[in-house]
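Asker: Got a structure for you, questions after.
The values are calculated or read from the model by the stated rules, or taken from the named source; none is laboratory data. Just so we're clear, the structure is a prediction, and the values are computed from it rather than from any experiment. Cβ sites come from the backbone with ideal geometry, for glycine too, and all protein chains shown count toward neighbours. Accessible surface areas use protein heavy atoms only, side chains included; no ligands, DNA or RNA. Shrake-Rupley method; radii C 1.70, N 1.55, O 1.52, S 1.80 Å.
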Amino acid sequence: MKKVNLAVVGATGMVGRTFLKVLEERDFPIDNFYVMASARSAGQKLTFRGKEYVVEELTEHSFDKPIDIALFSAGGSTSAKFAPIAAEHGVVVVDNSAQWRMDPEVPLVVPEVNPEDIRWNKGIIANPNCSTIQAMVALKPLDDLLGIKRVVYSTYQAVSGAGVAGWKDLEDGLKGMPPKKFPHPIANNCLPHIDIFLENGYTKEEMKMIWETRKILHHDQLKVTATTVRVPVFSSHSESINIEFLRPFEIEEIYDALEKAPGLVVVDDPAHDKYPLAVDAAGKDEVFVGRIRRDESVDNGINIWVVADNIRKGAATNAVQIAELLVKNME
Ligand code: A2P
């Protein structure tokens, strides 16, 4: 495989550090490697493949050197400013922020679902929202099989999705301390509030799931609704997904399609209390699906339970998989 020059931007953050771990585990073909963050962390050392790398401050000149691919996870405003600079220098940016996801010039990609969209990138490829990524891996094979008519998402999202500060709020809250990141205590609580509230009464997280589902599945008019909830779990998002199809089906067809789907593992043995769990998904790269059952209140519907590690498949692993496809296309 061709070796590339790779930069990680936001390397000191929760997703950034996981980029390093996933790149190591997947033996990503790297020639020169660069780690970048804000001035606050410049000079700090990060270990990668047994070697120490000094964190560079991200500046307008960071991409003057030859870099093929940059994995960005440094927030929306950093991506807004620096991703175009990188792209102008011939770098392909895989961006984990929400900044570019709905831009019609920017592909939004889950490699198991719409890898072909990578080909029309103009220097920036967006990594979808963590909750959207895991849902897509389960919905795509069902859409191919039966045609999806409507989707209802209800999520149970881990605090790690809110970065280091979210994680600390749960740790502190379990010791009786007040929250700093969330507007209410997260310990022993569920917050139906992720990201900001919009004028239509939905949160931005809910609208991201709605918009991004349509873009990734290439269904502009798909009926989708969502309620997203932060729960006192450190790692892995869980989702209840209700799906209505255009065509009738036998439930065995659903099992069959999900069992064959790439990146998806069916865990569904209620007789032995087996179903996907956040604690089991943590640290894994696959998406887990279970509790597969007919929705008896509609003609052609099902309910499923989908769980994945939000920092790995929901962020770092998905971005690294996109980078792997880019390298393959360079050969
Ligand atoms: P730093 O550690 O120097 O602040 P998280 O979401 O887990 O908090 O991580 C955010 C990541 O984005 C960190 O690596 C952080 O670096 C980086 N970051 C934040 N703001 C900037 C910026 N203006 N320029 C470069 N990196 C930034």
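Asker: Could you check the simple spin-label distance between ILE196 and ASP256, using points 7 Å along Cα→Cβ, in nm with one decimal?
Answerer: With each label point 7 Å from Cα toward Cβ, the separation is 4.9 nm.
Asker: As an exercise, use a Förster radius of 35 Å and the Cβ-Cβ distance of SER154 and GLU52 to find the FRET efficiency, rounded to the nearest 0.05.
Answerer: Details: r = 44 Å, r/R0 = 1.26.
Efficiency, rounded to the nearest 0.05: 0.20.
Asker: Here is a follow-up. What value in Å³ per residue do you get for the convex hull of the alpha-carbon atoms in the stretch 179-240?
Answerer: Working: hull volume 6.7 nm³, N = 62.
Considering the Cα atoms of the stretch 179-240, their hull volume per residue is 107 Å³.
Asker: While we're here: Which whole-number percent of Cα pairs in the stretch 253-331 have a distance greater than 14 Å?
Answerer: The calculated P(r) of the stretch 253-331 puts 68 percent of pairs beyond 14 Å.
Asker: Accessible area, 1.4 Å probe, largest first: how do VAL92, VAL233, VAL287 sort?
Answerer: Result of the area sort, largest leading: VAL233, VAL92, VAL287.
Asker: So what is the accessible area of the stretch 122-175 per residue, in Å², with the probe set to 1.4 Å?
Answerer: I get 30 Å² per residue for the stretch 122-175.
Asker: Also, quick follow-up: Working with all protein chains in place, sort LYS204, LYS313, LYS223, LYS260 by solvent-accessible area computed with a 1.4 Å probe, largest first.
Answerer: Correct descending sequence by accessible area is LYS260, LYS223, LYS204, LYS313.
Asker: Please compute, for the alpha-carbon atoms of the stretch 61-210, the extent along each of the three principal axes and give them in descending order in Å.
Answerer: Sorted largest first, the three principal extents are 50, 48, 28 Å.
Asker: Taking the Cα atoms only, what angle lies between the long axis of helix 14-25 and the longest principal axis of the chain, rounded to 10 degrees?
Answerer: The answer is roughly 90 degrees.
Asker: Please go through the residue pairs LYS181/LYS208; LYS260/LYS328; LYS51/LYS181 and name each one whose alpha carbons sit more than 29 Å apart in this structure.
Answerer: Where the Cα-Cα span goes over 29 Å, the pairs concerned are LYS51/LYS181.
Asker: Here's a follow-up. With a Förster radius of 51 Å, plug the Cβ-Cβ distance of VAL298 and ASP64 into 1/(1 + (r/R0)^6) and report the FRET value to the nearest 0.05.
Answerer: Step by step, r from the Cβ atoms, then E = 0.35.
Asker: Cα to Cα, under 19 Å, and not fewer than 8 places away if on the same chain: which aspartates and glutamates meet these conditions relative to LYS180?
Answerer: Here the aspartates and glutamates satisfying the reach criterion relative to LYS180 are ASP169, GLU171, ASP172, ASP195.
Asker: Also: With runs of 4+ DSSP H residues as the only contributors, calculate the mean residue ellipticity of the chain at 222 nm using -39,500 (n - 2.57) per run, divided by the residue total and rounded to the nearest 500. All intermediate terms of the calculation are to be shown ahead of the outcome.
Answerer: Values: 8 runs with 96 residues, N = 331.
Roughly -9000 deg cm²/dmol at 222 nm, from the helical runs in the chain.
Asker: For the stretch 142-256, treating each Cα as an identical point scatterer without solvent, what Debye log10 I(q)/I(0) comes out at q = 0.10, 0.21 1/Å?
Answerer: Once normalised to I(0) and log-transformed, intensities are -0.39, -1.08.
Asker: Shifting gears a bit: Against the globular-protein guess of 2.2 N^0.38 Å, express the Cα radius of gyration of the stretch 39-141 as a ratio, rounded to two decimals.
Answerer: So the stretch 39-141 has a normalised radius of gyration of 1.18.
Asker: ARG293's amide H: which non-local residues (gap 5+, or another chain) put their own amide H closer than 5 Å, with H modeled 1.01 Å from N in plane and none for Pro or chain starts?
Answerer: Long-range HN contacts for ARG293: ASN303.
Asker: Quickly work out the ASN189-to-LEU246 label distance, labels modelled 7 Å from Cα along the C-beta direction, and quote it in nm with one decimal.
Answerer: 4.4
Asker: Ranked from the most accessible area to the least, with a 1.4 Å probe and all protein chains present, what is the order of GLU199, GLU25, GLU205?
Answerer: My answer, sorted largest first, is GLU199, GLU25, GLU205.
Asker: How compact is the chain by the rule of thumb for globular proteins, expressed as Cα Rg over 2.2 N^0.38 Å?
Answerer: 0.99
Asker: Projecting each Cα onto the charge dipole of the chain (Lys/Arg +1, Asp/Glu -1 at the beta carbon, about the Cα centre), which of PRO178, ILE311, VAL8 comes out farthest on the positive side?
Answerer: Going by the Cα projections, it comes out as PRO178.
Asker: Per residue, what volume in Å³ does the convex hull of the Cα atoms of the stretch 190-331 enclose?
Answerer: Per-residue hull volume (Cα only) is 166 Å³.
Asker: Let me ask you something else. Can you work out the FRET efficiency for the pair ASP144 and THR225, with r the C-beta to C-beta distance and R0 = 22 Å, to the nearest 0.05?
Answerer: It comes to 0.50.
Asker: What accessible surface, in Å², does a 1.4 Å probe find on GLU88, ignoring ligands, DNA and RNA and rounding to the nearest 10?
Answerer: 150
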